[in-house]
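Colleague: Provided herewith is a single structure, encoded as structure tokens, for subsequent inquiry.
The values are calculated or read from the model by the stated rules, or taken from the named source; none is laboratory data. These figures come from a predicted structure and were not determined experimentally. Note that each Cβ is placed from the backbone with ideal geometry, even for glycine, and that neighbours are counted across all protein chains shown.
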Amino acid sequence: MNIYNDIQQLPPFDKAVITIGSFDGIHSGHRKILHRVRELANEINGESVVITFDPHPRSVLDPSSNALSVLTTLNEKLDLLKKVGIQNVVVVPFTFEFSQQAPREYIEKFIIGNFNPAYIVIGYDHRFGLNRNGDITLLREYEKQSNFQIVEILRQDIEDIAISSTRIRKAVFAGEMEEAAAYLGYPYLLTGRVVHGDQLGSKIGYPTANLQIDSKDKLIPKEGIYAVEIDIDDMIFGGMMYIGKRPTVSDQVIENIEINVFDFDQNIYDRNIQVSVIHYLRGDHKFPSVESMVRQIQQDEKDARSFLSTYKQKLPEPIDVTIAILNYNGVELLESYLPMMGYSSSKYNVDIVVIDNHSEDLSIDFVREWYPEIKTVELSKNYGFAEGYNKGLKDIDSEYIVIINSDVQVTENWLDSIIDAMNADKTIGAIQPGIKSMEDKSRFEYAGAAGGFMDALGYPFCRGRIFDTIEKDEGQYKDALEVFWASGAAMVVRNKLFKEIGGFDGAFFAHQEEIDLCWKIKMAGYSILCMPQSTVYHEGGSTLEYNNPRKDFLNFRNNLYLLTKNMQLTSLLWLIPIRLVLDGIAGIKFLVEGKPKSTLAIIRAHMSFYVHLPLVLERRNKEYQWIKHVKIDKPNFNGKYYGSIVYKYFVEGKKKFSQLKF
């Protein structure tokens, strides 16, 4: 993370997404804004920029008030912003002169002049400038002429921010550390330097680190004994902390902060440490003797160790699997199928994220109201299936990602066998379950069936579905099998591999992008499997009907993209002409069937292919380098059918996968 303390020395930011505020505490309310900043920066390949102030504006504008206590020192705030994933933080020295800027001067000179933002993310009641006379209405006057967009965090989202800071302060002051942590989203922090004390702790068998807080305005919890965790050079130790005036052994008026670090005997004088205040054990007392005080400290140690042991067991484990659902105007589908997604989790730690492609319905409102535990990523426009997933998955760091349509119904523990297999064999790049029809659960579903294959001419088909012939599931394809491609309707892929190999090709927009991804994975030596014993049900055609001319356009164009990117150049010299002829025959067939729009879609697909051919070849070269970087073995062509599925289907009349010979 880059930190800038001098406005005059700022670099030119590239497509900056900015937000402005004191952000004291970086609590759960603040993180709604910060995550939105980060999402937008990821989406436009720009830079996230947080503009904050030091000292706190209230201490400058109301110096007579002694009530200000900050939840985070500047260093703590910067550390938390780094953990949130912010790329740049600008710390503005807040002075009385700075506060006297007129609102238009603030916008023109401070905001536009220094940051040239692409987006400004603010709350509904954001005020700025002299006497706080500037507001969002004034900012919107500059949107078009200065080429930025305002993203307003709505009232219902921002209200948490208005109330939680006060609640956190009250909780900390009362020693209610669990309540404070619930609002913050992390345990309350005390950061400072270890300084020399009078060595009393060592004399009684409990050596302590005396903590000197690096800000006089830092809010200190109530006096007493606490169970804590201590970060020393990125290593975490358990311990107990004393806050008080040591009434048993002195008459001092200054409050001490002393930490006994469990199972630790190194010299850490003059080093900075960070203390997470986990639990209040008891208040400070004056004991009748040092001996009775020591006996109580011994009990405190037992209590602290016991609590920390239980606390660690309750901490959420790292997420193994993220189920990612791309949505566009699909609130009805989310209402129908989202409740079952949680049912899909089992022995693995599963998280769910809904990636919204700038829906115009109430999709996001529905998720937030009914499933607040589910994460959402809001994109500023519809990027299609391919790029929508690329942008929505940027911040996901789970080991596995589940790419699944919003119109898929999962079954109990469907992920278990898939993740088991991928954990056992690191050469498996992706797996799809068996995909059956939601309309007729006895049949396979068009989009994937029991695994995808590719013929010699580049035509994709499935085990259980060839062209428009969809088979009934009679157990004929129950075995797990290596395939050529996994369906984008429901597939599990290694997250790191997905990202390092370039993700989906955004130029595809939708359709066959999953085949392109799987082809790259297989070129890197990985295998793709279908495991029909794990089953999901797909409604199909809910976003774009199967006979829609737009779908025809994307399928024919994207198939030409697919071949050009992945086949050997020498093979393309004879393959592309053959495909163009066969596409022409398909166009005539559509015309005869009374589908002139589909015929026109094929013509448009070819024209688009010719226009974009240079870009397709450029992408091919990039992907070759990505594949080379992640390659584990020679290319894996299992799942490739070396005959012509067109000939087998239309000439020989072989309509079922079981009739083919590999």
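Colleague: Among the residues of segment 293-308, is any of a type in the set (S, T, Y), more than 23 Å from Y226 (Cβ to Cβ) and more than 19 Å from the chain's Cα centre (by Cα)?
Modeller: no
Colleague: Only one of S571, S598, S608 is closer than 17 Å to D468 by Cβ, out of contact with any Cys (no Cβ under 9 Å at 6 or more places or on another chain) and polar (S, T, N, Q). Can you tell me which?
Modeller: When all the criteria are applied, what remains is S598.
Colleague: Moving on to the next point. When you look at I396, is it under 16 Å from R494 (Cβ atoms), out of contact with any Pro (no Cβ under 9 Å at 6 or more places or on another chain) and of a type in the set (V, I, T), yes or no?
Modeller: yes
Colleague: Can you tell me which residues in segment 72-99 are outside any helix (DSSP H, G or I), within 29 Å of R169 (Cβ to Cβ) and among the polar types (S, T, N, Q)?
Modeller: Residues satisfying the conditions are T72, T73, N88, T95.
Colleague: Please go through segment 206-247 and pick out each residue that is buried (at least 16 other Cβ atoms within 10 Å of the Cβ) and polar (S, T, N, Q).
Modeller: Result: T208, N210, S215.
Colleague: List the pairs whose first member sits in segment 122-150 and is in the same structural domain as V49 (by TED's automatic domain parsing), whose second member is basic (K, R), and whose Cβ atoms are under 6 Å apart, counting only residues at least 6 apart or on separate chains?
Modeller: The qualifying pairs are Y124/R155; D135/R127; I150/R140.
Colleague: Right, Y119: within 25 Å of V377 (Cβ to Cβ), within 29 Å of the chain's Cα centre (by Cα) and crowded, with 18+ Cβ neighbours inside 10 Å or not?
Modeller: In short, yes.
Colleague: Can you run down the residue pairs with Cβ atoms below 7 Å, 6 or more apart or on separate chains, where the first is in segment 25-37 and on the phi < 0 side of the Ramachandran plot and the partner is part of a helix (DSSP H, G or I) and β-branched (V, I, T)?
Modeller: H27/I168; G29/I161; H30/I161; R31/V84; L34/V84
Colleague: Suppose the filter is surrounded by fewer than 18 Cβ atoms within 10 Å (Cβ to Cβ), outside the structural domain of F498 (by TED's automatic domain parsing) and in a helix (DSSP H, G or I); does L572 pass it?
Modeller: Yes, satisfied.
Colleague: I need the full set of residues from segment 94-117 which are modelled with pLDDT of 90 or more, touching a strand residue (DSSP E or B) at 6+ places or on another chain (Cβ under 6 Å) and hydrophobic (A, V, I, L, M, F, W, C), in order please.
Modeller: The answer is F115, and nothing else.
Colleague: Another question, if that's okay. Looking at segment 260-296 only, could you name the residues that are under 20 Å from E176 (Cβ atoms) and not in a loop (DSSP other than H, G, I, E, B)?
Modeller: Matches in segment 260-296: V275, S276, V277, I278, H279, Y280, L281, R282.
Colleague: Condition test on I355, is it in a strand (DSSP E or B), touching a Leu at 6+ places or on another chain (Cβ under 6 Å) and under 11 Å from T322 (Cβ atoms)?
Modeller: It is true that I355 is in a strand (DSSP E or B), touching a Leu at 6+ places or on another chain (Cβ under 6 Å) and under 11 Å from T322 (Cβ atoms).
Quick grid of which residues meet (1) surrounded by 20 or more Cβ atoms within 10 Å (Cβ to Cβ); (2) in contact (Cβ under 8 Å) with a residue 40 or more places away in the chain; (3) of a type outside the set (F, W, Y):
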position: K472; (1), (2), (3): no, no, yes
position: Y477; (1), (2), (3): yes, yes, no
position: E482; (1), (2), (3): no, yes, yes
position: W485; (1), (2), (3): yes, yes, no
position: I501; (1), (2), (3): yes, yes, yes
position: D505; (1), (2), (3): yes, yes, yes
position: A510; (1), (2), (3): yes, yes, yes
position: E513; (1), (2), (3): yes, yes, yes
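Colleague: Follow-up question, since we're still on this one. Please return the ranges of strands (runs of 3 or more DSSP E) entirely within segment 361-444 where 3 or more residues are out of contact with any helix residue (DSSP H, G or I) (no Cβ under 6 Å at 6 or more places or on another chain) and closer than 20 Å to P318 by Cβ.
Modeller: Those strands (runs of 3 or more DSSP E) do not exist here; none qualify.
Colleague: Let me ask another. Is there a residue being buried (at least 18 other Cβ atoms within 10 Å of the Cβ), among the hydrophobic types (A, V, I, L, M, F, W, C), at pLDDT below 95 and more than 14 Å from the chain's Cα centre (by Cα) anywhere in segment 345-352?
Modeller: no
Colleague: Which ones in segment 217-235 are in a loop (DSSP other than H, G, I, E, B), more than 28 Å from the chain's Cα centre (by Cα) and of a type in the set (D, E, K, R)?
Modeller: Within segment 217-235, D217, K222, E223 qualify.
Colleague: Which residue, of K622, K628, K648, is in a helix (DSSP H, G or I), touching a Leu at 6+ places or on another chain (Cβ under 7 Å) and either under 29 Å from G525 (Cα atoms) or of a type in the set (D, E, K, R) (or both)?
Modeller: K648
Colleague: Residues of segment 122-150 being surrounded by fewer than 16 Cβ atoms within 10 Å (Cβ to Cβ) and aromatic (F, W, Y), which ones?
Modeller: Result: Y124, single match.
Colleague: Then there is this: I'd like the full set of residues that are of a type outside the set (A, V, I, L, M, F, W, C) and closer than 21 Å to A510 by Cβ, limited to segment 434-468.
Modeller: Within segment 434-468, S437, E445, Y446, G448, G451, G452, G458, Y459, P460, R465, D468 qualify.
Colleague: Kindly indicate which of E360, E369, E373 is under 14 Å from T322 (Cα atoms), at pLDDT 85 or above, exposed (fewer than 15 other Cβ atoms within 10 Å of the Cβ) and not hydroxyl-bearing (S, T, Y).
Modeller: When all the criteria are applied, what remains is E373.
Colleague: Out of all the residues in segment 495-503, is one or more among the β-branched types (V, I, T), over 27 Å from the mean Cα position of the chain (by Cα) and farther than 15 Å from L529 by Cα?
Modeller: no
Colleague: Can you name every one of the strands (runs of 3 or more DSSP E) wholly within segment 454-528 that holds 2 or more residues which are in contact with a Leu (Cβ under 8 Å, 6 or more places away or on another chain)?
Modeller: Those strands (runs of 3 or more DSSP E) span 481-483, 490-494.
Colleague: Within segment 352-369, track down each residue that is within 20 Å of F385 (Cα to Cα) and in contact with a strand residue (DSSP E or B) (Cβ under 8 Å, 6 or more places away or on another chain).
Modeller: Residues satisfying the conditions are I352, V353, V354, I355, D356, N357, H358, S359, S363, I364, V367.
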